[in-house]
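> Encoded as structure tokens, here's the structure I'll be asking about.
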Amino acid sequence: MKILFIAPGDSLHTSRWIERVKARGIDCIYYDMTGENMMHPMGLSSIFRLEADSLASNTEALLRKFGPIGKILGSILLTFAHYREIRSIVAREKPDLIHLHWLFHASALATSFIKGVPIISTPWGSDLLTPEYKVTSKQLDKFKHKYVVGRVIKHSEAFCCDAQHMKELLISFGAKSSAIQIIYFGTDVNLFSPAKKNPAFWEKFGLKREPVKIISNRVLADMYDIETF
């Protein structure tokens, strides 16, 4: 079996997911949603992406400066560029299925137009919950979010997510309950454990010796920044 993964390369989650699948003897190829300089190391020979300095990317960035209409035209152009890239990969590599991570992206929308290969979609959370990473979104962002995510879900054969409320959101977008598998991703308790406490780390950053400390490794988008938490 051969799987084409389409996912953000700037997340360690992507790298670990692909490593686990490879360990099962499955052939993996990868289409990166982000830039090469942001990608976590992956032991794959077949890595593809739409280059950041491509004509489509540069034109999309330019069109965004011309207000809402320019933003829409730029998104359409970028989606078409991703579609051409992904379609050529599918024709050449002939994957048995596509595993799409992160549903609210131009490459995700492009994937929904690919014919002849079943798609498994794995939302991560923010892609379903909020348009453009924003708690308060403009109407254009809401419309774009509803269309992109709705179309991706409509053209996916199956889904996996890590929470009941995510399953309910997928269903609200049109997914069938029977096609959704909840997988609780969990935490490596051998690494994150009270037994691993390091007082020297506390002292280095001037932290008080209190029983509970919380560290957030989230990006500081306003949907889960420190103030929101």
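The values are calculated or read from the model by the stated rules, or taken from the named source; none is laboratory data. Only a predicted model underlies this, so the values are computations on that prediction, with no experimental measurement involved. Note: ideal-geometry Cβ built from the backbone for every residue, glycine included; neighbour counts use all protein chains shown. In case anyone asks, the SASA skips ligands and DNA or RNA and just uses the protein heavy atoms, side chains included. Shrake-Rupley method; radii C 1.70, N 1.55, O 1.52, S 1.80 Å.
> Looking at the stretch 104-133, I want the residues that are among the hydroxyl-bearing types (Ser, Thr, Tyr) and have a partner that is open to solvent by 50 Å² or more (accessible area, probe 1.4 Å) and part of a loop (DSSP other than H, G, I, E, B) with Cβ atoms under 7 Å, at least 6 apart or on another chain. Which pairs are those?
That search, which allows pairs on different chains as well, returns Ser112/His155.
> Here is a further query. Quick check: anything in the stretch 123-140 over 25 Å from Ile76 (Cα atoms) and either touching a Gly at 6+ places or on another chain (Cβ under 9 Å) or part of a loop (DSSP other than H, G, I, E, B) (or both)?
No.
> Further question on the same structure: Hey, among Leu77, Leu50, Leu97, Leu44, which residue is modelled with pLDDT of 85 or more, surrounded by 14 or more Cβ atoms within 10 Å (Cβ to Cβ) and closer than 19 Å to Tyr147 by Cα?
Leu77
> Run Ser156 past the list (1) assigned to a helix (DSSP H, G or I); (2) within 18 Å of Leu100 (Cβ to Cβ) and report the number of the one that doesn't hold.
Evaluating Ser156 over (1) assigned to a helix (DSSP H, G or I); (2) within 18 Å of Leu100 (Cβ to Cβ) leaves (1) as the failure.
> Return only the number of the condition from (1) modelled with pLDDT of 80 or more; (2) part of a loop (DSSP other than H, G, I, E, B) that Phe229 does not satisfy.
Against the list (1) modelled with pLDDT of 80 or more; (2) part of a loop (DSSP other than H, G, I, E, B), Phe229 comes up short only on (1).
> Sticking with this one: Can you tell me which residue among Asp127, Asp141, Asp53 is among the charged types (D, E, K, R) and under 30 Å from Gly186 (Cβ atoms)?
Checking each option against the conditions leaves just Asp127.
> Filter the stretch 198-226 down to residues that are assigned to a loop (DSSP other than H, G, I, E, B) and loosely packed, with under 10 Cβ neighbours inside 10 Å, then give me how many there are.
12
> Another one. If Ser11 satisfies every condition in (1) in contact with a strand residue (DSSP E or B) (Cβ under 8 Å, 6 or more places away or on another chain); (2) surrounded by fewer than 19 Cβ atoms within 10 Å (Cβ to Cβ); (3) hydroxyl-bearing (Ser, Thr, Tyr) but one, which is the exception?
(1)
> Can you pull out the residues in the stretch 15-41 that are closer than 19 Å to Ile98 by Cβ and among the acidic types (Asp, Glu)?
If the condition is that a residue be closer than 19 Å to Ile98 by Cβ and among the acidic types (Asp, Glu), then Glu19, Asp27, Asp32 are the ones that fit.
> Determine which member of the set Phe143, Phe192, Phe173 is surrounded by 13 or more Cβ atoms within 10 Å (Cβ to Cβ), more than 30 Å from Glu93 (Cα to Cα), out of contact with any Leu (no Cβ under 9 Å at 6 or more places or on another chain) and not β-branched (Val, Ile, Thr).
Answer to the selection: Phe143.
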